[in-house]
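Trainee: Here it is, the structure, as structure tokens.
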Amino acid sequence: MGTLVNFPKLAELRARTDRDLVRILNSDLERALALASVAATRHSVFRSQAEVMYTRARKLLPELSGLTVGELAQLEARLKELAMALDLVPGTMDQEGESAAVRSASTHAN
């Protein structure tokens, strides 16, 4: 006994799911930008949470179908904005980075 597949209904459901996902991604990106703006250091829990949201958005974006060019451009722009905000979080050199910088400086001084 075969099952009937209602393709128009599936397409409608997919479109609705994608619209909902776009709203969720926009909210997540907005929240991630706020978290990145209050992160005091690169090791801050706020920055870590923002990075998780950034990674999730980057993975989900290519999976969305039916986006308009404008919607896609807006999400990509927000993603780039978040990447820049994460890069601008003040950093403190960790021990490994500091020792590598010191080794590099001493090597060039010799």
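The values are calculated or read from the model by the stated rules, or taken from the named source; none is laboratory data. Small disclaimer: the values here were computed from a predicted structure and weren't measured. Accessible surface is based on the protein model in full, side chains and every heavy atom, while ligands, DNA and RNA are left aside. Shrake-Rupley method; radii C 1.70, N 1.55, O 1.52, S 1.80 Å.
Trainee: With a 1.4 Å probe and all protein chains kept in place, how much accessible area does Met84 have, in Å² rounded to the nearest 10?
Mentor: Using a 1.4 Å probe on the heavy atoms, I get roughly 120 Å².
Trainee: Can you give me the pair-distance distribution of the range 3-77, C-alpha pairs, 10 Å bins, whole percents?
Mentor: Bin by bin from 0 Å, the calculated values are 18, 40, 25, 12, 5, 1.
Trainee: Turning to a different aspect of this structure: Karplus couplings for the range 15-31 from phi (6.51 cos²θ - 1.76 cosθ + 1.60, θ = phi - 60°), rounded to Hz, Gly and Pro as x?
Mentor: Residue by residue, the range 15-31 yields 5, 5, 4, 5, 4, 5, 5, 4, 5, 5, 4, 4, 5, 4, 5, 5, 5 Hz.
Trainee: Which percent of the accessible area of the range 27-71 is formed by carbon and sulfur heavy atoms (probe 1.4 angstrom)?
Mentor: The value for the range 27-71 is 57 percent carbon and sulfur by accessible area.
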